[in-house]
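What follows is one structure encoded as structure tokens, with my remarks underneath.
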Amino acid sequence: MTRREGLRLLGRRLGTARVGAECAAAEEIVELCGGLPLRWDLVTGREGGS
């Protein structure tokens with residue numbers, strides 16, 4: 001998954017306003033997940049549930 005795709009997915013999962021407001025954190029999440037879909041599910045599932 002590319003950086004752009006990762007940010008788009010994060011925006012769909014957590015909301016584009018939040019991702020836009022916290023750009024540096026969003027980009028770090030994208031980098032740390034390394035384009036692996038399972039990691040995305042784990043990260044956004046935990047955050048989305050809180």
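The values are calculated or read from the model by the stated rules, or taken from the named source; none is laboratory data. All figures in this text were calculated on a predicted structure; none of them were measured in a lab. Note: accessible area is taken over every heavy atom of the protein model, side chains too, but ligands, DNA and RNA are not part of it. Shrake-Rupley method; radii C 1.70, N 1.55, O 1.52, S 1.80 Å.
A few comments on the model shown:
- Over the chain: helical MRE at 222 nm, DSSP H runs n ≥ 4 each giving -39500 (n - 2.57), nearest 500: -24500 deg cm²/dmol
- A 1.4 Å probe run over the chain, with the rest of the protein chains in place, finds 72 Å² accessible per residue.
- The chain pair-distance distribution - Cα-Cα, 5 Å bins, rounded %: 4, 24, 37, 27, 7, 0
- Here the accessible area of the chain is 54 percent carbon and sulfur, with a 1.4 angstrom probe and all protein chains present.
- Considering only alpha-carbon pairs that sit under 8 angstrom and 6 or more positions apart, the relative contact order computed for the chain is 44 percent.
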